[in-house]
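Inspection log for the structure reproduced underneath, given as structure tokens.
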Amino acid sequence: MLNKKIAELINDQVNKEFYSAYLYLDFANFCDDEGLDGFANWYEVQAQEERDHAMMFRNYLKDNGVKVTLEAIAKPDKKLTKVMDALQAGLEHERYVTSLINNIYHEAFAEKDYKTMQFLDWFIKEQLEEEKNADDLIKKMNTFGSDARGLYLLNQELAARVYTAPSTNK
Ligand code: MG
């Protein structure tokens, strides 16, 4: 049994995570168009992870006997004219997602819903990683991406990112 408000927030989060996947796929498309296939790969992997997050929230609702309502996924709306726009929009987006998860945690705490707090612990740690990864990308781009050779090598590094299913043992 879940409190109605918490169930609604988690149902919203299913949609937000699918939107995140959509947003990162949009970034991947942009990077591909720019000839940066390694950056595109990095965002494709990111999009897969976001779909996993959506499924984890969806499964949590199902495990608690809550009916899941899938809403329309918003169109990615970030204006991208250079790759740095995607990197910065990614960091901004992850900070927003952290605020959403913190808000659900806050409600769970207020309701003494320890089960949901424990479920959210994984996402609290995940958001630390997501923000760090997004910030690291910006730093690397600032340090190495300003000349063609550096950008080429950074693109190669990002091409090596491989998708792995999320471990729930954080
Ligand atoms: Mg996520």
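Between the helical axis of 83-110 and the dominant principal axis of the chain, each derived from Cα atoms, what acute angle in degrees is found, rounded to the nearest 10? Orientation of helix 83-110: about 10 degrees from the principal axis. With 0.36 nm allotted per residue and the present C-alpha distance subtracted, the residue 92-residue 168 stretch has 24.8 nm of extension available. Given the options 1, 39, 124, identify the residue whose Cα lies farthest towards the positive end of the charge dipole of the chain (+1 on Cβ of Lys, Arg; -1 on Cβ of Asp, Glu). Of the listed residues, the answer is 1. One chain, two ends: residue 59 and residue 12. Fully extended at 0.36 nm per residue, the span grows by 15.6 nm beyond their Cα-Cα distance. Apply 1/(1 + (r/R0)^6) to the Cβ-Cβ distance of residue 68 and residue 102, taking R0 = 25 Å, and write down the FRET efficiency to the nearest 0.05. About 0.65, to the nearest 0.05.
Length gained on full extension, residue 138 to residue 75: 20.3 nm, using 0.36 nm per residue less the C-alpha separation. Computed from the C-beta positions of residue 115 and residue 29, the FRET efficiency with R₀ = 30 Å rounds to 0.20. Computed over the chain, relative contact order equals 30 percent, with contacts defined as Cα pairs under 8 Å that lie 6+ residues apart.
No lab work stands behind these numbers, since they all come straight from the coordinates. Since this is a predicted model, take the numbers as computed values, not measurements. Cβ sites come from the backbone with ideal geometry, for glycine too, and all protein chains shown count toward neighbours.
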